[in-house]
1. Have a look at ASP311, ASP39, ASP271 and tell me which one the Gaussian network model of the chain (Cα, springs below 10 Å) gives the largest fluctuation.
2. Determine the alpha carbon to alpha carbon distance for each of LYS184/LYS242; LYS230/LYS285; LYS302/LYS326 and list only those over 24 Å.
3. Given DSSP loops and a limit of at most 11 other Cβ atoms within 10 Å, what is the longest stretch of the chain that contains no such GluC sites (Glu not before Pro)?
4. Note the full-extension length gain between GLU183 and ALA67 as 0.36 nm times their separation in residues minus their Cα-Cα distance, in nm to one decimal.
5. What's the angle, to the nearest 10 degrees (0 to 90), between helix 342-352's Cα axis and the longest principal axis of the chain?
6. For region 207-356, what is the relative contact order in percent, using Cα pairs closer than 8 Å and at least 6 residues apart in sequence?
7. How high is the relative contact order of region 112-184? Use alpha-carbon pairs under 8 Å, at least six apart in sequence, and give a whole percent.
8. For an R0 of 30 angstrom, estimate the FRET efficiency from the Cβ-Cβ distance between GLN310 and ASP251 and round to the nearest 0.05.
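Nothing in this text is a laboratory measurement; each read-out follows from the coordinates by a stated rule. Since we're looking at a predicted model, the values are computed, not measured. Cβ atoms come from the backbone with ideal geometry, glycine included; neighbour counts cover every protein chain shown.
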Amino acid sequence: MIMHIVGNRPQFIKLAPLYRALELSGYQQGIIHSGQHYDENMSDVFFEELGIPAPYLNLSAGGGSHAQVTAKAMVGLEKELSQSAPELVILYGDTNTTLAGALVAVKLGIPMAHVEAGPRINIKSNPEECNRITADHLSDILFCPDHVSMQNLQREGLSDRACLTGDIMYDTYLSIAGSLEGEKPQEEAIVMTWHRQENTSDRARMESILRLVERLEDHVIFPVHPRTKKCLEQYGLMERAKGIPGLEMTDPLGYVEMVKLMQRARLILTDSGGVSKESSFAGAKCLFMLDADVWEDLVREKWIRRVNPQDEDSVLEALRFAAGAKRVAVEERPRFYGDGHAAAKMVQALRERQFI
Ligand code: UD1
Ligand code: UDP
């Protein structure tokens, strides 16, 4: 059996096409959910919308510190994987769930595939970076979303295990975007998402982001991640946010609604690795609120521009970038992340290298 280990919103989006591709080829599969994300609109909605079968086990590991989440997931995974002894474990991205899966599977001697291997921001204190490096170095086959990731793995001596498949999130994006074709275009807006530890663990930082939003003086639609909601409340900033003219806060969205939203974006303001890359699929340039270049090609193309909301010069540049941002037609969008058939390439590579 092939075992998928997931637990976070972006992992469900990555899982859907690979599960389907393996199913079409007749492989027996199971899904273990760590429970790291657990709200209906952070988890179940993606299984329903993307046609992923319900996980047969949920480890309820969510809601604690890094160590608590990782440790709880590890204990549950160790028990389950030692009983079910899958022939292959598939891990996704860079979350604490991925880290837990990698540490447990390697010690049980189970071969591992890592989807979305290779991106680096070269900041050791970033939690996602630690998780991704660990998963990459422990996995037996590494599926890279772009050339830059392949080069990063080469520098770390991992070329033998690396395969360039393109980005599996593009597979999912295209299938949803295809199902939305013909829908009436909605009024343009700026779309914002924001949830990283670097942007939520400090009141002054959060306030500076709200000030930036205010200075955009535009309609900004903001599906609020539960961590961000909690921190806005904890720092007494929720009323301040609600008072910003033009800022529309919503609950986290399912993926179909999120794609619709990105398709009406004239600009995306985010600290999300996934959303900043999807901005190029959906045709909206991106202001990225983290001191890191996750997607180097998009930065070089000036599609993604970094903004430090606590630095006045950086904010002024960002406001200029925002003022000039317009929707970009399909044929003019950059294409660095494959052809939307990453899942099929992963299945082929797994077969060729005799993992399945
Ligand atoms: C995690 C990942 C991050 C990824 C993000 C995707 C790590 C280190 N971080 O960050 O890489 O970008 O998922 O969204 O694994 N919460 C809820 N309900 C939920 C989920 C979370 O209320 O369904 C709240 C809880 O208070 C929780 C907090 O949000 O403690 C943070 O959740 P957590 O999963 O630890 O981190 P994310 O910010 O979601
Ligand atoms: N997303 C979503 N609903 C939302 C916000 C994001 O479906 O309300 C999708 C988004 O389009 C992308 C993925 O979730 O596909 C990114 O997840 P997130 O930003 O939580 O994580 P990251 O990419 O930073 O790891």
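1. The residue with the greatest mean-square fluctuation here is ASP311.
2. LYS184/LYS242; LYS230/LYS285
3. 1-180
4. 37.3 nm is the gain from fully extending GLU183 to ALA67.
5. The answer is roughly 20 degrees.
6. Rounded, it is 19 percent for region 207-356.
7. Reported relative contact order: 31 percent.
8. The computed FRET efficiency comes out at 0.60.
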